[in-house]
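The values are calculated or read from the model by the stated rules, or taken from the named source; none is laboratory data. None of these values were measured; they are calculated from a predicted model. Positions of Cβ are backbone-derived with ideal geometry, glycine not excepted, and every protein chain shown enters the neighbour counts. Surface accessibility is based on the protein's heavy atoms, side chains included, excluding ligands, DNA and RNA. Shrake-Rupley method; radii C 1.70, N 1.55, O 1.52, S 1.80 Å.
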Amino acid sequence: MLFQSPRAYTLLSVAAAVATIVLKTLAWRLTGSVGLLSDAMESGVNLVAALAAFWALTLAAKPADRSHHYGHFKAEYFSSGLESVLIVVAALAIIHAAIGRLQHPVALEQVGIGLVLSLLATALNGVVAWVLLRASRRFDSITLRADAHHLLTDVWTSIGVVVGVGLVQLTGQTRLDALIAIAVALNIVVTGWKLLHETASGLLDRSLPDAEHRQLETLLAGYESDEIRFHALRTRVAGSRRFVAFHVLVPGAWSVQSGHDLCEQLEREIAAALPRSHVLTHLEPIEDPKSWDDQGFRWEQG
């Protein structure tokens, strides 16, 4: 399934969330299982997260304007950050419900049909997660990637719940239902923490991934000679966009046109090697000591 924009995939996620909420809520109402209730609550989080993702991708797609010269690409991080917080809130609610069920166990009812409904919802989530993960790679979108990984976590959660409810039915140990719900909640917390860490990293202007940074350095090294040098290389990632800036040092005797042509060629090659990148070059005379003093930000090597 191929859509032309990431936003279309979030609508698919919204539809899947609504369908799974209906299926899982019905499964919980039929069985009375707190494990299935926890599963339904996580699908509720999926719906809110998918709506937030649609909003974030809509904002991120807006072009640069007078107030946002570099565009709105970081809006994606607000969506993934909200999703991570919602995941943790859902986990706490599940734990609260499970503790109550531990203290007052309840026998489950109509387990067979409840498990069938839960498995249908799980299969739907699995298919949508696979589609979103492929789309996240295609568009290099942290929002779609976060949504896909959340749905995948939901799939494994649902499988665990189904197995647990089945064991309750076979063994008659009703407290197993609450223990499984607590295990589900702890797994959800881990997912939320990972998403929150990735979101914080992006908001702090993380540089390019190591592999892309090495690719960039290799490209520039191919141009270096006695007459051409580079320094003050800076990179950052904002959503699906890459920003690259560096200084180009050439002989002062070169014409403006020659220096400009070199910078244009460098910018084209970098943009081709790193899709969705914005490249900014600064031309300087190689003989001028002030050019070498101006090498930009320095950092400590750990």
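For residue 134, the conditions (1) farther than 24 Å from residue 209 by Cβ; (2) among the basic types (Lys, Arg); (3) without any contact (Cβ under 8 Å) to a residue 40 or more places away in the chain all hold with the exception of (1). Filtering 49, 64 for residues that are under 20 Å from residue 133 (Cβ atoms), within 23 Å of the chain's Cα centre (by Cα) and modelled with pLDDT of 75 or more leaves a single hit, 49.
Taken together, the criteria place residue 173 among residues that are closer than 22 Å to residue 114 by Cα, of a type outside the set (Val, Ile, Thr) and part of a loop (DSSP other than H, G, I, E, B). Of all the numbered requirements in (1) open to solvent by 80 Å² or more (accessible area, probe 1.4 Å); (2) in a helix (DSSP H, G or I); (3) modelled with pLDDT under 85; (4) of a type outside the set (Ser, Thr, Tyr), residue 217 misses one, and that requirement is (3). Does residue 178 satisfy the condition of being over 25 Å from residue 99 (Cα atoms) and part of a helix (DSSP H, G or I)? No; evaluated as a whole, the condition is false for this residue.
Filtering the stretch 151-160 to residues that are crowded, with 24+ Cβ neighbours inside 10 Å and either modelled with pLDDT under 75 or hydroxyl-bearing (Ser, Thr, Tyr) (or both) leaves 157, 158. Annotation note: of 146, 61, 75, the sole residue that is in contact (Cβ under 8 Å) with a residue 40 or more places away in the chain, surrounded by fewer than 18 Cβ atoms within 10 Å (Cβ to Cβ), of a type outside the set (Ser, Thr, Tyr) and over 24 Å from residue 31 (Cα atoms) is 61. The numbered conditions (1) outside any helix (DSSP H, G or I); (2) touching a residue at least 12 places away in the same chain (Cβ under 8 Å) are all true for residue 125 except (1). When residue 107 is tested against (1) in contact with a Ser or Thr (Cβ under 8 Å, 6 or more places away or on another chain); (2) at pLDDT 75 or above, only condition (2) is not met.
Look at residue 205 and say whether it is part of a loop (DSSP other than H, G, I, E, B), over 24 Å from residue 288 (Cβ atoms) and open to solvent by 60 Å² or more (accessible area, probe 1.4 Å). Judged against the criteria, residue 205 is a match. If a residue must be in contact with a Gly (Cβ under 9 Å, 6 or more places away or on another chain) and open to solvent by 50 Å² or more (accessible area, probe 1.4 Å), how many such residues does the stretch 188-199 contain? Final tally of qualifying residues: 1. Determine if the stretch 236-246 includes at least one residue that is assigned to a loop (DSSP other than H, G, I, E, B) and modelled with pLDDT under 85. Yes, because at least one residue in the stretch 236-246 is assigned to a loop (DSSP other than H, G, I, E, B) and modelled with pLDDT under 85. Under the condition of being assigned to a loop (DSSP other than H, G, I, E, B), open to solvent by less than 10 Å² (accessible area, probe 1.4 Å) and of a type in the set (A, V, I, L, M, F, W, C), the residues counted in the stretch 1-57 number 0.
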